[in-house]
1. So if each residue of separation counts as 0.36 nm, and I subtract the Cα-Cα distance between residue 178 and residue 119, what length gain in nm does that give?
2. Please compute the contact order of the stretch 56-198 in relative form: average sequence separation of alpha-carbon pairs under 8 Å and at least six residues apart, divided by the residue count, as a percent.
3. In nm, give the distance between the simple-model label positions of residue 127 and residue 151, each being 7 Å from the Cα along the Cα-to-Cβ direction.
4. Taking the Cα centre of each part, how many Å lie between the stretch 162-203 and the stretch 79-149?
5. Which order do peptides 183-195, 115-127 fall in by mean Cβ count within 10 Å, highest first?
6. May I ask you to evaluate 6.51 cos²θ - 1.76 cosθ + 1.60, the Karplus curve with θ = phi - 60°, for each residue of the stretch 182-193 and list the ³J(HN,Hα) values in order in whole Hz, giving x for glycine and proline?
7. Between residue 89 and residue 54, how many nm apart are label points set 7 Å from Cα along the C-beta direction?
8. What FRET efficiency, computed as 1/(1 + (r/R0)^6) with R0 = 25 Å and r the Cβ-Cβ distance, is obtained for residue 74 and residue 194, rounded to the nearest 0.05?
Amino acid sequence: MWSYRDYQRSRVQQKEGENEMSRLKSIHWGYWIPLVFLATFCALFVRSFLIVPLEIDGNSMEPTLYSKQKVLVQDFGRIRRFDVIIIKMPDGKTYVKRVIGMPGDELSYLNDKLYINGQHISENFLKKVIKQNPNQTYTSDFSLKELTGMEHVPQGEYFVLGDNRRISKDSRTFGTVKANWVTGKAVIVYWPLTDLKWIGKNN
């Protein structure tokens, strides 16, 4: 027969069960909330400071990069010759170009060959396209002095060219670019997936 004591015992057990459920819920949320917060923070950190996506607009970097491809841009690290960099000009326009001349360089092109400080430097990223059109000039002859009146690339600046030399608007048009105009360098083509590749000095 159900007694008042049994009723009290049942209420105590029910209360203990409710407390246990509350404790488990607290543990559950106590585990997931910091994890979600950490994941969100990491995503924002990467998005803001390390790697950012960019869609290519135009064909001045063909055959390395094609319009509508998406790349990941690294906005830290040292800029080196032949890096593909993103430039935010003072007028607000954004360009994607390849670093050819470093600060202090004397630079010229002769017979489709790059000369830095009087020495021939191979542009491996252009070998394939030049080989496909051996009777055509890909990069017209010029020297830095002829274009700008300067013997050397100024300190804190870069001389940049598009890989599609015949149509690219680059340092031959707007001059050298200041280091603080560079917002990062393209490191990976990630979209479309069929074009997935690392962007290096040879491609």
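1. Values: separation 59, 0.36 × 59 = 21.24 nm, distance 2.45 nm.
Length gained between residue 178 and residue 119: 18.8 nm.
2. Details: 273 pairs, mean separation 47.6, N = 143.
Reported relative contact order: 33 percent.
3. 3.4 nm
4. 11 Å
5. Values: 183-195: 15.3, 115-127: 13.4.
Most protected by this proxy first, the peptides run 183-195, 115-127.
6. Values per residue, Gly and Pro as x: 7, 9, x, 10, 6, 10, 9, 8, 10, 8, x, 4 Hz.
7. Taking the simple label geometry, residue 89 and residue 54 are separated by 1.5 nm.
8. Details: r = 23 Å, r/R0 = 0.90.
In this case the efficiency is close to 0.65.
Here, each number is a calculation from the coordinates, and none is a lab measurement. Treat the numbers as computed from the prediction; the structure is a model and nothing was measured. For neighbour counting, all protein chains shown are included, and Cβ atoms are generated from backbone atoms with ideal geometry for every residue, glycine included.
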